[in-house]
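The values are calculated or read from the model by the stated rules, or taken from the named source; none is laboratory data. Treat the numbers as computed from the prediction; the structure is a model and nothing was measured. Using ideal geometry, Cβ is built from the backbone for each residue, glycine included, and neighbour counts are taken over all protein chains shown. For accessibility, only protein heavy atoms count, side chains too; no ligands or nucleic acids. Shrake-Rupley method; radii C 1.70, N 1.55, O 1.52, S 1.80 Å.
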Amino acid sequence: MATKFYLTTPLYYVNDIPHIGHAYTTVAADVLARYKRLMGFDVHFLTGTDEHGQKIWRAAQDKKEDTQKFVDKMAQGFKDAWRVLGITYDDFIRTSEERHEKVVQDVFHSLLKNGDIYKGEYEGWYCVPCESFWSEGELKEDIDGRMLCPDCGRETEVLKEESYFFKLSKYQDQLKEHIKKNPAFIQPESRKNEILQFIKQGLKDLSITRTAFPWGIGVPDDPKHVIYVWFDALINYISALGYPAGEEFKKYWPADVHLMGKEIVRFHAVTWPCMLMALGVEPPKKVFGHGWWTVEGKKMSKSKGNVVDPLVLAKEYGVDAVRYFLMREVAFGDDGNFSMESFINRFNADLANDLGNLLNRTLTMVEKYFESRVPSPQSPVFDDLSKELVELTQETPKIFDQHMNNLAFSNALAAIWQLVGRANNYIEKEAPWKLSKAGETDKLAAVIYNLCHVLSICAFYLAPFMPTTAEKMATQLGFVPPITLKTKIDGVKIAKGQPLFPRIEK
Ligand code: MSP
């Protein structure tokens, strides 16, 4: 039976339409899901939308729309965007769905019963846009004495209310132990250190209900309270699987990896595992917090008017170019900057020049010298250069797999481009046109065969990143998709087509 692999993205807030930051995590998850499927895993890929809380309630109020209708419309916007970007999620959960609300209420109820949830009173500084309470020490004070949210910089408000609490403090030692015993639980390393620092200061019980607004999942038997949006949303990772009795829950939990931006690692690496411990459920295997994108050097925000819409980019330059850029431009884990200049540079250099030209030149030569059939040489190796290329072709899959298993997407792509670069160089050095002139047919056959082999490896491994491109490559190379590593390439009739990535003229 295939090994299972369960991966998730955060549930995105529906107060706004998806931007390049949301697309980043979702594309990364999709690349990983497609890769794991390619490797024979039984993959379950979950994404969805976070639809409760004050921020969304206010967004609907501002627009004078019925809240449910508003979230319905916005959630559809996320689904539409993911369809365009080729996201192959297996399930899309919305926190306003009954299947989710029921599980959240059951979880609340059972933790209340076992004493891990209790009633008290909360007073604190609350940031509405971030849906977060902050302690006084964490806030920044501006010159007018306003207390600002350390995350988004906006003014916080004091909120005092009767509230239910989750006994986070009780699980502090167990959590520390878990992190120690499972070195790969929080990644990258820098995020782990931040979390350990945070736990060291001591975990305080968490206020998990609100009374100031009505938009949320009601507390069972105490309807003036709604459950805090984060406590509600985190549960999606198990409610979507039909926790506690569902077949999918039994099959896929624990999650192999929760992917997210670095700003919400704390919720996933502290609150969430403690909630699961309270329920007697195993924590996820890995929480990975990637970096943040800025745009032309600035934080992306509506007020700055610099929000990049991935759909606009995809329409102009193609979905695969967007997916490629996001995964290649920065190491997964580091912060990155989006600029039109770097996007176009990568497009022209990596896609149009390196990859596009390699395919085009190679297939032109198959047409010209071998009547459109990939040749079968006596031996692919006839000199040092061929030996080097053949060895690198054999090595590349191993390097690629290693990087993919470390979620080092950019390095995995770099490994493919190293091979592409070497192959382009090989053409220059071997000069097939000279071999043809000199009548060295067998050497010529070896050169062209080696190049086609490189291209078939590229088509196979690029499929998770650039599914349409990989398919086009396979078709041009004469394979009936899906291409596998065992596909025999010699003797195949090619079908050269249009260039994959026509250069963008600036
Ligand atoms: N609803 C919560 C998550 C609940 S998960 C149970 C939330 N939603 S969000 O809409 O604000 O999405 C945040 C996530 O979107 C980030 O963690 C990251 O995955 C992605 N990104 C949003 N902006 C981003 C950038 N500028 N750069 C990179 N990723 C970003 O938080």
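Is one or more of the residues making up the stretch 441-453 over 22 Å from Ala314 (Cβ atoms), open to solvent by 10 Å² or more (accessible area, probe 1.4 Å), in a loop (DSSP other than H, G, I, E, B) and without any contact (Cβ under 8 Å) to a residue 40 or more places away in the chain?
No, every residue in the stretch 441-453 fails to be over 22 Å from Ala314 (Cβ atoms), open to solvent by 10 Å² or more (accessible area, probe 1.4 Å), in a loop (DSSP other than H, G, I, E, B) and without any contact (Cβ under 8 Å) to a residue 40 or more places away in the chain.
Got at least one residue in the stretch 315-326 being touching a strand residue (DSSP E or B) at 6+ places or on another chain (Cβ under 8 Å), within 16 Å of the ligand (Cβ to nearest atom) and touching a residue at least 12 places away in the same chain (Cβ under 8 Å)?
Of the residues in the stretch 315-326, the ones touching a strand residue (DSSP E or B) at 6+ places or on another chain (Cβ under 8 Å) are none.
Checked the stretch 315-326: no residue is touching a strand residue (DSSP E or B) at 6+ places or on another chain (Cβ under 8 Å), within 16 Å of the ligand (Cβ to nearest atom) and touching a residue at least 12 places away in the same chain (Cβ under 8 Å).
In the stretch 3-60, what residues are assigned to a loop (DSSP other than H, G, I, E, B), at pLDDT 95 or above and among the small types (Gly, Ala, Ser)?
First, the residues of the stretch 3-60 that are assigned to a loop (DSSP other than H, G, I, E, B): 3, 14-19, 39-41, 51-53.
Now drop any that are not at pLDDT 95 or above, which leaves 3, 14, 18-19, 39-41, 51-52.
Gly40 - this is the single residue of the stretch 3-60 that is assigned to a loop (DSSP other than H, G, I, E, B), at pLDDT 95 or above and among the small types (Gly, Ala, Ser).
If we scan the stretch 3-20, do we find a residue that is touching a residue at least 40 places away in the same chain (Cβ under 8 Å), surrounded by fewer than 24 Cβ atoms within 10 Å (Cβ to Cβ) and acidic (Asp, Glu)?
Checked the stretch 3-20: at least one residue is touching a residue at least 40 places away in the same chain (Cβ under 8 Å), surrounded by fewer than 24 Cβ atoms within 10 Å (Cβ to Cβ) and acidic (Asp, Glu).
Which numbered condition in (1) touching a residue at least 12 places away in the same chain (Cβ under 8 Å); (2) more than 22 Å from Thr8 (Cα to Cα) is the only one that Leu241 fails?
Here Leu241 clears every test but (2).
Determine, yes or no, whether Glu161 is in a strand (DSSP E or B), among the acidic types (Asp, Glu) and at negative phi. Break it down stepwise before answering.
On the way: in a strand (DSSP E or B): yes; among the acidic types (Asp, Glu): yes; at negative phi: yes.
Taking the combined requirement at face value, the residue satisfies it.
Quick check, is Lys299 within 17 Å of the chain's Cα centre (by Cα) and basic (Lys, Arg)? Lay out the reasoning, then the answer.
Numbers: within 17 Å of the chain's Cα centre (by Cα): no; basic (Lys, Arg): yes.
No; evaluated as a whole, the condition is false for this residue.
Please go through the stretch 312-325 and pick out each residue that is open to solvent by less than 60 Å² (accessible area, probe 1.4 Å) and not in a loop (DSSP other than H, G, I, E, B).
Hits for the stretch 312-325 are Leu313, Ala314, Tyr317, Val319, Asp320, Ala321, Val322, Arg323, Tyr324, Phe325.
When you look at Asp50, is it among the acidic types (Asp, Glu) and away from the ligand (no atom under 15 Å from the Cβ), yes or no?
no
Which numbered condition trips up Thr25, out of (1) near the ligand (Cβ under 9 Å from one of its atoms); (2) in contact with an Asp or Glu (Cβ under 9 Å, 6 or more places away or on another chain); (3) open to solvent by less than 20 Å² (accessible area, probe 1.4 Å)?
Just one mismatch for Thr25, condition (2).
How many residues does the stretch 206-220 contain that are in contact with a Leu (Cβ under 9 Å, 6 or more places away or on another chain) and over 23 Å from Lys170 (Cβ atoms)?
Matching residues across the stretch 206-220 total 1.
Of all residues in the stretch 208-227, which are open to solvent by less than 10 Å² (accessible area, probe 1.4 Å) and either of a type in the set (Asp, Glu) or more than 20 Å from Gly124 (Cβ to Cβ) (or both)?
Hit for the stretch 208-227 is Ile217, nothing else.
Which ones in the stretch 86-135 are among the polar types (S, T, N, Q) and assigned to a strand (DSSP E or B)?
Matches in the stretch 86-135: Ser132 only.
So is Ile264 away from the ligand (no atom under 16 Å from the Cβ) and within 29 Å of Gly333 (Cα to Cα) or not?
So Ile264 fails the test.
With the structure loaded, tell me whether Ile199 is within 16 Å of the ligand (Cβ to nearest atom), among the hydrophobic types (A, V, I, L, M, F, W, C) and open to solvent by less than 20 Å² (accessible area, probe 1.4 Å) or whether it fails that test. Let's see the steps before the verdict.
Working: within 16 Å of the ligand (Cβ to nearest atom): no; among the hydrophobic types (A, V, I, L, M, F, W, C): yes; open to solvent by less than 20 Å² (accessible area, probe 1.4 Å): yes.
Judged against the criteria, Ile199 is not a match.
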